[in-house]
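**Q** Take a look at the following structure, please.
The values are calculated or read from the model by the stated rules, or taken from the named source; none is laboratory data. Quick caveat, the model's predicted, so the values are computed rather than measured. Here Cβ is always computed from backbone atoms with ideal geometry, including for glycine, and neighbour counts include all displayed protein chains.
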Amino acid sequence: MWTRRVVRRMDYRIWAAGDAAGEADLYIPVYRGVPITAEASLTREFVEDSPSLRNQLGERMHSPDFEIVHRRITVQRVDDLSLVPAFVKIDTQGHEQAVLTGMTDTLKTHGPPVLVEAPSSETTSFMVALGYQPYSYDDAGDRLIPLNGHPVTNVMFARSLPRAA
């Protein structure tokens, strides 16, 4: 793999993170033979109803060039991997809560900052119960600010932020 040649201390595995080890169905949108993996989900309806996918393809989603491919994949709990993450990014197309539930011990023990795309209110409550606070990025100030209730796409959860010098 190209990335492994460039980043020598790198390892990767292909599986889904979840709240229980096992298997699951993964639905991958494919247009003209090209998988759009950023829009893949464990829920077919999430792919079919994806606003970003509709924005990219529009009516082409209804053409013969578009299909949703189904694959059976392995699911693992992050807690079962004995990882010590420095940072976690979760963009799982509707399955954020299951990923976080499967890494509860890792979050409690190591407390890495966690960036979550479109967290539900359940996810926010879950993270707050673990001692995390939600923040959004203030582009003008180039800083994280406490989430003030306004909807944002990406929410950074952190236990504490370093004070500005």
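**Q** How many residues does the range 88-109 hold that are surrounded by fewer than 16 Cβ atoms within 10 Å (Cβ to Cβ), part of a helix (DSSP H, G or I) and among the acidic types (Asp, Glu)?
**A** 1
**Q** Looking only at the range 10-26, decide whether some residue is more than 18 Å from the chain's Cα centre (by Cα) and at pLDDT below 95.
**A** yes
**Q** OK, next. Give Pro85, Pro151, Pro112 a once-over and let me know the one that is modelled with pLDDT under 90 and part of a loop (DSSP other than H, G, I, E, B).
**A** From the options Pro85, Pro151, Pro112, the qualifying one is Pro151.
**Q** Moving on. Leu130 - would you say it is at negative phi, surrounded by fewer than 17 Cβ atoms within 10 Å (Cβ to Cβ) and either aliphatic (A, V, I, L, M) or not assigned by TED's automatic domain parsing to the domain that holds Ile28 (or both)?
**A** The answer is yes for Leu130.
**Q** Here's a check for you: in the range 1-39, which residue that is touching a Pro at 6+ places or on another chain (Cβ under 6 Å) and among the aliphatic types (A, V, I, L, M) is surrounded by the most Cβ atoms within 10 Å (Cβ to Cβ)?
**A** Looking at residues that are touching a Pro at 6+ places or on another chain (Cβ under 6 Å) and among the aliphatic types (A, V, I, L, M), I get Ile36.
**Q** If you check Gly141 against the conditions, is it surrounded by 11 or more Cβ atoms within 10 Å (Cβ to Cβ), at pLDDT 90 or above and in a loop (DSSP other than H, G, I, E, B)?
**A** For Gly141, the condition - surrounded by 11 or more Cβ atoms within 10 Å (Cβ to Cβ), at pLDDT 90 or above and in a loop (DSSP other than H, G, I, E, B) - is not met.
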